[in-house]
Structure formats: structure tokens, C-alpha cells
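These notes concern the structure reproduced below.
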Amino acid sequence: MARAAERADLEPVIGLEVHVQLETDTKVFCGCSTEPAEDEAPNTRVCPVCLGLPGALPVLNEAAVEAAVKVGKALEADIPEETRFHRKNYFYPDLPKNFQITQYDAPLCANGELEFSHEGERRTVTVRRAHLEEDPGSLRHVRDGSESLDVRTTSVDRADYTLVDYNRAGTPLMEVVTEPDFRDPSEVRAFLEKLEEVFEYLGIFDASRDGSLRIDANLSMVPADEVGADGDVADETLESANRTEVKNISSHRGAEKALSYEESRQRRLIQSGGAVEQETRHFNETHGNTVSMRSKEEEKDYRYFREADLPPLQVSDWKAELPIPELPDARRARFREEYGLDSEAASKLTSRKAVADFYEAVAAEFDPDLAATWVADNLLGELNYRDMAVEDVTDRLDEFTRLVELVATDEVTTKNAEETVLRTMLDEGLDPDEVIEREGLGKADDDQVTAAVEDAVDDNPDAVADYHDGDDGALNFLVGQVMAATGGSADPGTVNELLRERLND
């Protein structure tokens, strides 16, 4: 890195190891449930297999393998004739066997790719491998010295001691390893959002689970003039640049923040004449920085050897037999073609599978543009404001569809439907007809509106005179008077039209 230290222009080279929990009913090598209860106590969802007790033998979960094959198909990866498991040996409190059952030289998926959008451009990242393994347990770093399990947790660098919970041990993981194709932390965030989107569409991932997605990121700085126009970096350049690994990042935003900090730290260090240590670092989300944990292990340190208790697995035929659902990009394109949506609306409505499903159910009954407005803008906006997700209202689809029907048939104004009916539905759990009846929001009939227009003109001669003098603001004032008189139940467009006709007589 001596040459790099002399240069002002440095560019980050980033590769990822993304650990994604697969959504299965039981763990990958035993029958313990993966579904935590709300009041679940630590170390209760365990058995001799996931605790690594002597004599306990693993049995592979077929559903986990099927999920992994679907990932391979979605990434257009190579799926070999035969795959096998290895033991990865290391000693850490959350690993009860002191080794992890994983895959080494024969991963289930290899040489895949994922395309995503970044700052308006399409980017493709190569997935070197995606393999199946078991999740370790989880650690709770405690600062206050209490022996109670109900304690405040903190970051590893500030903890007084650590508690271990093995309930998560043995949960099936898919580890997705990319080539060092990223050149900016914001690219990493965009990639992770797309990867999670694909896993969700495959029906094998639940983002709401604790620890469902964890990222290890490797970053090194190389001279910018050794990065090709297409972003390629020579192997010898990468080998000469010490890299750091930032472990256990838990979110897309966290990955971007951790790598932005690490890029700045390494840049300052190199440009001041220092050397980057090849090490593993921990990202402190509270302070937004990384701290050194240990020197970086190399592959030989893990002493991989074959898992004798699991025979080789032949899954190549599954690739043809296992169907995968319509993926996000394909659904986005179909929404543009079938429903005539613009790119922005199609992207927003397909960013989550649950949102896309909800939209299609509404669009099946109403104009696609009207359905898009109500789902993408009105509903999602109100849900985001309340920190809710569309899954929270999926069982109320019929009620939401009824609200759109009331708007489409002019039984309630769009303004009242948006500002009162929808909000009250979400806040109080009422259906739209109940809200409209209680609040008196039924749309005013023609006679009521006509009478309100006459009253507004008769009661506000100054505004009428201002209108005839060319003041358009006077018309807006009169519209407001009519809307107030009708309790907001008149259609503003109709009111505007009637007022112009009356004033121009």
C-alpha cells in the first residue's frame, strides 16, 4: 500500500457476505420450531442437535434445500450435480458445537448475478456463491451488571458481560457472497434492498424476524487510476491492498453508514502515511463508527473438513422441477404494460410483494390509475405515518376496496375519503360506511350544492365584485364558503363550475 499512500485519489472496493434467514417451520438440521413466541424465554427452543450435545446427529430440512434452490434459480446461478456440507471450526460462545455446518468447495449455488437500480442506472453484481448453513445463537451484551435476563443491552465494546441465547442456533441461513464489485457504499444499500425484495418474492424470507438479515462487508482502498472504466480491478491490486471486514451489520442503512465510515477512516489513514491493518471490525450503530475486534482470519484458520454425518446431496434435478414466482423486475414490467402505470408508480407498487398483491386485488375491480393512487399514495402514506405495514391491513382489503368504490361512485368526496374516512378507518378500526354515517360525510345532493352556491353569492357581494374585477382569489373564497356550508361533502370541481356559471350570468 506504499504507492496508495502517496496518492490523493483512492477508491473503495467492497464485497459482501449477506446472511439471510430462510423462512421454514423448523431448523435446518433438527425439528425445533423457528417460530418464536412473543413471551419466549431464552434457551427454550432447543434440542440435543442444535445444542451440539454428544451423540446427536443432524437431519437435513428438505424445505430449506428447496428454498436454497429457488434462490439459485432467481440469481440465475449454476446449481451443481452434487453438493455437500463441511464443518467450519471456530470457537465462539454462540456456537455450541464449536463448529458450524456449512458448505465449502461445493456450494449449492455459484456464479449467479443480481441486477439492481442505483441512481437511475442499472447495475449488475456477480454472486460468487450462495450456500446453505446453520445460524449460530445470539449474544446479548450487557452493561449494567444485572444478573436478570430482563436487562438493558449495549454494544460489545461497552458491555460488562455477555449472555448467550441458543434459540436461534440452527435456523437455516443462506449466505450470499458477492464479488468485490461495489465502488460506493450507496450501491451496497441499493443491492441489499433488491436482494431482500427478491427473497421476499420467493416466499422464503420474513424481514420482521430479529436477525433475519445480517451483513459482513469487506472494504479496501485502491488507487483510483488502477480501477478500470468498467469498475474492474486487477487481482494483484486487490491482493496488495489490506482489507477490513465489518461484521454483523443488521440493516441496509447500517451497511451504508458502516462502509462510509470505514472508507473515510482508511482514506485518512493511508493519506497520512499509515497502513491499514487486515482485521475484523465491529460496527457500533449508536455512534456510527467501527471498532477493532480481532485480526482477520484466513480460510485456513477455519480448518474445513467434510461433515461425515450428512451425505452428499444431489439437487440438480430440483432446478427444473421447482417453480419460482414472478420476480420483482418482471412484475414491475407487467404493471407498466398491463395497467399502464408509469415507472415510478410501478416501482412503488412492486417494492413489496404484499403491496403488489394488495394493489392487484383493488385494480381487479376499479380503474388501475385510481387503484394506484389509493394504494401507492393514500394508503401507503397513511401506513408509513403510523409505522404500519400493508400486512397490518391485508385482512381489511374488502373495507379498503369499499372505500375506493365509494369514491369511484361519487358517494363521498375524494378529500373527505382521504382526510377523514381512511384515517378514521386506520385509527379506530371502523369500516368506511360507519365513518361516513357517523361523521355525516355523504356527498351533498345537487339541490344542496345549488342552494349553497346561491347563498354564497348572495351573502358575499364584495367577493362577487372582486371576481368581476378579475380577482381569481375571490372565486376560491366563494368555493370555500360553499364547501363549509356543505360540510366538505360537495365536489370542489362541481362547485367551481356552478359558481362560474352563476357569476357569469
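The values are calculated or read from the model by the stated rules, or taken from the named source; none is laboratory data. Bear in mind the structure is a predicted one, so any value in this text is a computation, not a measurement. Because the Cβ atoms are built from the backbone with ideal geometry, glycine has one as well, and the counts that use them run over all protein chains shown. Ligands, DNA and RNA are stripped out before the accessible areas are found, and what is left, the full protein with its side chains, is counted by its heavy atoms. Shrake-Rupley method; radii C 1.70, N 1.55, O 1.52, S 1.80 Å.
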When the stretch 265-278 is checked residue by residue, the ones that are open to solvent by less than 50 Å² (accessible area, probe 1.4 Å) and farther than 16 Å from Lys247 by Cβ are Gln266, Ile270, Gly274, Val276
Does the stretch 354-376 contain any residue that is under 30 Å from Pro107 (Cα atoms), in contact with a Ser or Thr (Cβ under 8 Å, 6 or more places away or on another chain) and not polar (S, T, N, Q)? no
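Condition check ((1) under 30 Å from Leu349 (Cα atoms); (2) touching a His at 6+ places or on another chain (Cβ under 7 Å); (3) buried (at least 20 other Cβ atoms within 10 Å of the Cβ); (4) not β-branched (Val, Ile, Thr)) across all residues:
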{"residue": "Tyr161", "(1), (2), (3), (4)": "no, no, no, yes"}
{"residue": "Tyr166", "(1), (2), (3), (4)": "no, no, yes, yes"}
{"residue": "Pro172", "(1), (2), (3), (4)": "yes, no, yes, yes"}
{"residue": "Glu179", "(1), (2), (3), (4)": "no, no, no, yes"}
{"residue": "Gly203", "(1), (2), (3), (4)": "yes, no, no, yes"}
{"residue": "Met221", "(1), (2), (3), (4)": "no, no, yes, yes"}
{"residue": "Asp225", "(1), (2), (3), (4)": "no, no, no, yes"}
{"residue": "Lys247", "(1), (2), (3), (4)": "no, yes, no, yes"}
{"residue": "Ser251", "(1), (2), (3), (4)": "yes, no, no, yes"}
Counting only residues that are closer than 29 Å to Pro107 by Cβ, out of contact with any helix residue (DSSP H, G or I) (no Cβ under 7 Å at 6 or more places or on another chain) and not polar (S, T, N, Q), the stretch 314-351 contains a total of 7
**Prompt:** For the stretch 121-128, does any single residue satisfy the condition of being closer than 15 Å to Asp78 by Cβ, open to solvent by 50 Å² or more (accessible area, probe 1.4 Å) and in contact (Cβ under 8 Å) with a residue 40 or more places away in the chain?
**Reply:** yes
Given the conditions (1) within 19 Å of the chain's Cα centre (by Cα); (2) crowded, with 20+ Cβ neighbours inside 10 Å, every one holds for Leu327 apart from (2)
Checked the stretch 193-245 for anything in contact (Cβ under 8 Å) with a residue 40 or more places away in the chain, within 21 Å of Gln266 (Cβ to Cβ), not in a loop (DSSP other than H, G, I, E, B) and not hydrophobic (A, V, I, L, M, F, W, C); matches are Asp216, Asn218, Ser220, Pro223, Asp225, Ser240, Thr244, Glu245
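A quick yes/no check of all residues on (1) assigned to a strand (DSSP E or B); (2) over 20 Å from the mean Cα position of the chain (by Cα); (3) farther than 19 Å from Asn61 by Cα; (4) at pLDDT below 95:
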{"site": "Pro93", "(1), (2), (3), (4)": "no, yes, yes, yes"}
{"site": "Pro96", "(1), (2), (3), (4)": "no, yes, yes, yes"}
{"site": "Glu113", "(1), (2), (3), (4)": "yes, no, yes, no"}
{"site": "Arg122", "(1), (2), (3), (4)": "yes, no, yes, yes"}
Checked the stretch 337-352 for anything of a type outside the set (Gly, Ala, Ser), buried (at least 16 other Cβ atoms within 10 Å of the Cβ) and without any contact (Cβ under 8 Å) to a residue 40 or more places away in the chain; matches are Tyr339, Leu341, Lys348, Leu349, Thr350
For the stretch 85-106, pairs from a residue that is among the charged types (D, E, K, R) to a residue that is open to solvent by less than 40 Å² (accessible area, probe 1.4 Å) and part of a loop (DSSP other than H, G, I, E, B), with Cβ under 6 Å and 6 or more apart or across chains, are Arg87/Glu307; Asp94/Pro136; Asp94/Gly137; Lys97/Gly52
Apart from one, (1) open to solvent by 40 Å² or more (accessible area, probe 1.4 Å); (2) of a type in the set (Ser, Thr, Tyr); (3) within 24 Å of Asp216 (Cβ to Cβ) all hold for Thr26; the odd one out is (3)
Selection from the stretch 247-278 of residues assigned to a loop (DSSP other than H, G, I, E, B), of a type outside the set (A, V, I, L, M) and farther than 19 Å from Gly211 by Cβ yields Ser272, Gly273, Gly274, Glu277, Gln278
Going through (1) at pLDDT below 95; (2) open to solvent by less than 60 Å² (accessible area, probe 1.4 Å) one by one, Leu60 fails only at (1)
Given the conditions (1) farther than 30 Å from Leu163 by Cβ; (2) acidic (Asp, Glu); (3) part of a strand (DSSP E or B), every one holds for Asp105 apart from (3)
Report yes if Val65 is in contact (Cβ under 8 Å) with a residue 40 or more places away in the chain, under 20 Å from Gln100 (Cβ atoms), in a loop (DSSP other than H, G, I, E, B) and over 22 Å from the mean Cα position of the chain (by Cα), otherwise no.
-> no
Going through the stretch 181-197 in order, the residues found to be under 13 Å from Val71 (Cα atoms) and open to solvent by less than 10 Å² (accessible area, probe 1.4 Å) are Leu195
Taking the stretch 279-317 and keeping residues open to solvent by 70 Å² or more (accessible area, probe 1.4 Å) and assigned to a loop (DSSP other than H, G, I, E, B) leaves Glu285, Thr286, His287, Glu298, Arg303, Ala308, Pro311, Gln314
In the stretch 381-404, anything loosely packed, with under 15 Cβ neighbours inside 10 Å, in contact (Cβ under 8 Å) with a residue 40 or more places away in the chain and not basic (Lys, Arg) is listed as Thr394
